[in-house]
Amino acid sequence: MRTMMQYFFQNMNFRGDATPYQDLLRCIATKEMGHVEQITNTINMLLDGASNPSTQPDNIPLSVALDSPNIHHFLVAAQSAT
Amino acid sequence: MLLEIHGQHHTYDSGNLVLNMLYNLMLEATGRLQKCTLYEMSNNKAFRATVSYLIVRDLVHEKVFAKALETLGVSWGKALPVSRINTDNMPEVKDLENKNLHNIMWTFTNNGEPNGMAEIFKGESPFDDGGTLEVIDGFPEGADTPMFPESPQEFSPGLDTELKKMVQQLRVT
């Protein structure tokens with residue numbers, strides 16, 4: 001995510017006519033978008049089925065969140081990548 | 001995690017080409033190092049498939065910025081002997097390198113659109129892996145992205161009967 005934004009900004013902020021370097025930054029920024037998509041999908045696939053699809057709070061369907069190394073997957077991202 | 005993997009949350013652009021290329025090389029080298037440590041944290045197949053791909057592609061990106069520095073007269077390897085972390089014991093990484101994915105960049109441009117990257121990214125690999133760099137016009141092959149089921153316990157997407165009806169109407173018209 002950070003690399004994607006960093007190269008994208010360096011590309012947009014580029015000054016002067018050394019355009020091969022700007023092209024290079026734009027290519028890598030685009031490739032990084034694919035990486036972000038791939039990582040997000042991988043994390044989402046790994047999280048799929050991690051909790052209990054119940055509408056009854058007393059079943060504690062999200063109890064796994066407290067055992068997870070990153071509670072934010074469940075707390076702020078609806079069981080998705082954060 | 002996507003933001004936190006590099007330990008810092010801001011983006012960097014000094015406006016100075018050499019400094020930017022240097023910073024970007026460090027970013028990719030650090031990113032690859034962290035992915036190599038991630039590889040060692042799980043042997044889940046899906047996890048390793050993605051992490052291995054990123055280890056290979058981070059190496060290409062290191063090569064891009066290393067080449068850019070070399071064309072600007074910077075002997076980065078002498079000044080900064082950034083090591084290429086050995087991945088010989090990671091078979092998934094080896095499989096991808098056998099497809100030469102650690103030496104290829106795509107332009108992401110439409111047919112005939114000019115792109116100057118090949119003026120920089122060409123010749124021998126700047127690392128000691130004996131590769132030859134290659135730029136391919138256009139886009140890499142993509143893949144289908146998965147569709148994930150609704151998750152009532154997370155209230156996602158949170159469409160009640162009324163809202164679902166509205167979505168249905170949208171599809172009819």
message: Given the condition part of a helix (DSSP H, G or I), within 17 Å of the chain's Cα centre (by Cα) and β-branched (Val, Ile, Thr), answer yes or no: does some residue in segment B:1-10 qualify?
response: yes
- prompt: Considering A:13, A:59, which residue is at the interface with chain B (Cβ under 7 Å from one of its Cβ atoms) and out of contact with any strand residue (DSSP E or B) (no Cβ under 8 Å at 6 or more places or on another chain)?
  reply: A:13
task: Return yes when residue A:47 is crowded, with 18+ Cβ neighbours inside 10 Å and at the interface with chain B (Cβ under 7 Å from one of its Cβ atoms) and no when it is not.
output: no
message: Being assigned to a helix (DSSP H, G or I), within 20 Å of residue B:132 (Cβ to Cβ) and either of a type in the set (Lys, Arg) or touching a Pro at 6+ places or on another chain (Cβ under 8 Å) (or both) is the requirement here; does residue B:70 meet it?
response: yes
Matching residues in segment B:17-68 - criterion: being β-branched (Val, Ile, Thr), farther than 17 Å from residue B:103 by Cβ and surrounded by 21 or more Cβ atoms within 10 Å (Cβ to Cβ): B:50, B:51
query: Taking only pairs six or more apart or across chains, which ones have beta-carbon atoms under 7 Å, a first residue in segment B:88-105 that is free of Cβ contacts under 8 Å to residues at least 60 places away in the same chain, and a second residue that is part of a loop (DSSP other than H, G, I, E, B)?
result: B:93/B:87; B:102/B:131; B:103/B:125; B:103/B:131; B:103/B:133; B:105/B:121
task: Filter segment A:62-82 for residues that are more than 7 Å from chain B (Cβ to nearest Cβ), surrounded by 14 or more Cβ atoms within 10 Å (Cβ to Cβ) and polar (S, T, N, Q) and give the result.
output: A:68, A:80
message: Regarding segment A:9-21, can at least one residue be identified that is free of Cβ contacts under 8 Å to residues at least 12 places away in the same chain, on the phi < 0 side of the Ramachandran plot, part of a helix (DSSP H, G or I) and surrounded by 18 or more Cβ atoms within 10 Å (Cβ to Cβ)?
response: yes
task: Give B:140, B:126 a once-over and let me know the one that is touching a helix residue (DSSP H, G or I) at 6+ places or on another chain (Cβ under 6 Å) and assigned to a loop (DSSP other than H, G, I, E, B).
output: B:126
- prompt: Quick one: which of B:87, B:107 is crowded, with 16+ Cβ neighbours inside 10 Å, within 11 Å of another protein chain (Cβ to nearest Cβ) and β-branched (Val, Ile, Thr)?
  reply: B:107
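Read-outs throughout are calculated quantities, based only on the coordinates presented, and are distinct from any laboratory measurement. What you see is a predicted model, and the numbers here were worked out from it, not measured in a lab. Neighbour counts are summed over all protein chains in view; Cβ atoms, including those assigned to glycine, are modelled from backbone coordinates with ideal geometry.
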